[in-house]
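Reading through the structure tokens given below for one structure.
Each reported figure results from applying straightforward, stated rules to the coordinates on display, with no laboratory input. Since the structure is predicted, the reported quantities are computational estimates derived from the model, not experimental observations. Cβ atoms come from the backbone with ideal geometry, glycine included; neighbour counts cover every protein chain shown.
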Amino acid sequence: MTELPGQTATPTDANGQDAGDQDASSSSLGTESGIDLDDALIRVEGLRFTRGEREIFSGIELKVPRGKITAIMGPSGTGKTTLLKLIGGQLTPSAGRVEIAGQHVHGLSRRELFRMRRRMGMLFQSGALFSDLSVFENVAFPLRVHTDLPDAMIRDIVLIKLESVGLRGARELMPAELSGGMTRRVALARAIALDPDLIMYDEPFAGQDPISMGVLVNLIRRLNDALDMTALVVSHDIKETLTIADYVYVIADGKVMAQGTPAELNADADPRVAQFIHGKPDGPVPFHYPAPDFEGDILDGRESSAESSGRRQSS
Amino acid sequence: MSALNRGLLGSITSLGRSSIEVIAAVGRAGILLVQAGIGIPSREGIGLWVRQMHFVGVLSLAIVLVSGLFIGMVLALQGYTILVGFGAEEALGQMVSLSLLRELAPVVAALLFAGRAGSALTAEIGLMKATEQLTSMEMIGVDPLKRIVAPRLWAGFVSLPLLTIGFSVVGIWGGKLVGVDWLGIYEGAYWSSMQSNVDFIGDVMNGVVKSLVFGLVVSWIAVFQGYDLIPTSEGISRATTRTVVYSSLAVLGLDFVLTAVMFGDIG
């Protein structure tokens with residue numbers, strides 16, 4: 001496998017120690033050590049997005065370098081999946097601009113948007129396989145709808161893709177007969193069926209057992225190297241993601257909190273970044289959802305229930 | 001501000017919000033109809049439509065035909081008890097056929113269709129949305145409005161008139177079973193009263209036009225409710241219920257309007 005920039009110092013070494021400690025001399029955040037951010041396939045500029053009255057993003061800026069694996073990380077609820085949907089044109093931002101290969105995603109017509117998506121693949125958290133189609137037909141689906149290839153050739157391509165995810169033998173199964181890990185691997189085979197330029201992974205490791213997780217980690221890295229795709233991984237599984245990512249963005253509070261290679265992030269002194277990257281439960285990122293004072297909340301509740309029971313008794 | 005004023009303001013706000021939501025939903029439904037319904041179907045699209053004709057139309061056949069049979073039989077029985085009092089029982093064929101062709105077949109078939117096929121369409125599309133199948137289709141570069149919604153919409157639009165014709169035919173035959181074979185009306189009178197009093201354009205085609213309108217409206221409501229629902233189990237449940245309720249009300253309301261337009265000058 002090709003050794004890529006940022007991988008020279010993996011997040012954990014063989015003894016499970018933080019590689020960041022060993023690589024404290026790495027360059028500061030946001031630098032481009034080996035990663036050419038000017039050669040970006042995706043450019044996000046000043047992206048704002050509001051859901052109801054809550055502002056999810058308040059000016060996100062990021063560039064996804066071509067041919068690399070870029071990870072977007074952040075605590076749960078920061079809008080990582082929403083960001084993928086904005087990049088894929090499924091949601092429209094309230095302000096800002098998303099460009100993929102120079103095309104302004106939200107300026108495209110519906111037809112143009114669907115045409116652009118043929119060059120993209122996406123792996124959903126749930127797999128999102130078509131439940132009425134077999135594994136074979138799920139992988140064949142993009143080929144059947146977007147190409148005029150003869151059936152024999154489609155069969156060969158599907159078997160190659162299924163072989164690459166280790167599920168050639170499961171081609172006759174229906175999605176309901178697959179385990180969670182197998183579902184995601186089939187979905188991965190479907191996502192790469194048309195050899196896309198860009199593939200987006202939405203929480204690829206969530207809810208996977210250690211074996212499936214290891215398989216997926218290897219697959220994502222291997223596929224990227226073999227097919228020379230640009231990959232965008234959204235995840236909060238720090239260890240696995242830092243193992244395969246070439247460049248990482250950490251988002252929090254609607255903005256990019258930090259960015260850099262895995263080694264740079266591991267060495268980052270910012271307490272918020274350190275809390276997230278090293279998985280510390282205590283730190284500047286609060287554990288509690290914003291709420292009124294706990295003691296006052298408990299006492300107010302008692303008073304109001306006492307009042308209401310008093311009213312019931314008097315009536 | 002007094003509690004009364006606050007309550008009044010709250011009610012007005014709530015009314016305004018509901019009105020905006022209804023108008024927005026009608027707008028979204030209109031956009032869905034235009035984007036899904038308009039376009040030249042591909043060969044694959046025709047295949048998908050035929051498949052949906054089976055699910056939406058053929059599988060609704062049993063409930064529609066059995067209902068048609070019983071409604072025709074009941075009509076004949078009720079009609080006979082009234083007509084025999086005037087010595088006009090030979091007009092039973094006319095009564096049964098006009099009742100079925102003009103009103104009962106289009107309306108009852110549409111109500112049954114909403115319950116059997118409409119709710120299934122909503123639940124199917126809703127579940128596809130909840131399991132991200134629609135989203136993944138979009139990301140593959142396939143428009144779910146064309147691939148999922150359009151074949152179902154057109155299948156409903158085409159199959160309901162055919163089901164309505166089947167309903168009428170079986171109902172008229174059920175009327176003959178009761179009127180002729182059971183109650184003993186002269187068979188020639190049953191058929192000839194129908195032949196001389198039923199107008200092909202005025203009665204048969206008007207019934208078909210009604211069923212075309214009902215087919216479009218019920219299918220439109222069903223696919224929109226499925227496509228627009230909140231993708232949770234509760235959302236699917238509510239949307240399925242809404243499909244049946246809205247479709248039934250729309251069919252009954254539109255039936256009055258269409259009847260007034262088609263037959264309003266008779267009396």
Checklist entry - Okay, helix-only estimate at 222 nm for chain B: each DSSP H run of n ≥ 4 adds -39500 (n - 2.57), divide by all residues, round to 500 deg cm²/dmol; what do you get? => result -25000 deg cm²/dmol
Checklist entry - To the nearest 0.05, how large is the calculated FRET efficiency for B:Leu177 and A:Lys255 if R₀ is 60 Å and r is the Cβ-Cβ distance? => result 0.20
Next on the checklist: If I model a spin label at A:Glu172 and B:Val169 as a point 7 Å from the Cα along the Cα→Cβ vector, what separation in nanometres do I get?
Outcome noted: 4.1 nm
Checklist entry - Any number yet on Rg/Rh for the protein assembly as shown, C-alpha, Kirkwood? => result 1.11
Checklist entry - What is the magnitude of the charge dipole of the protein assembly as shown about its Cα centre, with +1 placed on the Cβ of each Lys and Arg, -1 on the Cβ of each Asp and Glu, and no other charges, expressed in debye to the nearest 20? => result 1260 debye
Checklist entry - Among all the lysines, which ones have a C-alpha under 22 Å from A:Lys161's C-alpha, if same-chain residues fewer than 8 places away are not counted? => result A:Lys68
Next on the checklist: Counting other beta carbons within 10 Å of each residue's own, what order do A:Val139, A:Val186 fall into, fewest first?
Outcome noted: A:Val186, A:Val139
Item to check | Residue among B:Leu98, B:Met128, A:Gly74 farthest towards the positive dipole end of the protein assembly as shown, charges placed on Cβ | outcome: B:Leu98
Checklist entry - Based on the Cβ-Cβ distance of A:Arg110 and B:Leu4, what FRET efficiency does E = 1/(1 + (r/R0)^6) give at R0 = 41 Å, to the nearest 0.05? => result 0.25
Next on the checklist: If I take R0 = 45 Å and measure r between the Cβ atoms of B:Arg28 and A:Glu137 in this structure, what FRET efficiency does the formula 1/(1 + (r/R0)^6) give, to the nearest 0.05?
Outcome noted: 0.90
Checklist entry - Roughly speaking, what is the centre-to-centre gap between region B:157-210 and region B:67-126 when only Cα atoms are used, to the nearest Å? => result 10 Å
Item to check | Cα centre as origin, Lys/Arg/Asp/Glu Cβ charges: region A:56-101 dipole, Debye | outcome: 140 debye
Checklist entry - Just in region B:144-247: which chymotrypsin sites (Phe, Trp or Tyr not before Pro) are loop by DSSP and have at most 14 other Cβ atoms within 10 Å? => result B:Tyr186
Checklist entry - What number comes out for the charge environment of B:Ser42, summing +1 per Lys or Arg and -1 per Asp or Glu over other residues with Cβ under 11 Å away? => result +2
Item to check | Percentage of interatomic Cα-Cα distances in chain B larger than 30 Å | outcome: 41 percent
Item to check | Amide N proximity, region B:242-267 versus B:Ile82 label position 7 Å along Cα-to-Cβ, cut-off under 19 Å | outcome: B:256, B:259-260, B:263-264, B:266-267
Next on the checklist: 5 Å is the cut-off here: which amide hydrogens, built 1.01 Å from N in the peptide plane, fall below it relative to A:Gln125, excluding neighbours closer than 5 in sequence?
Outcome noted: A:Asp202
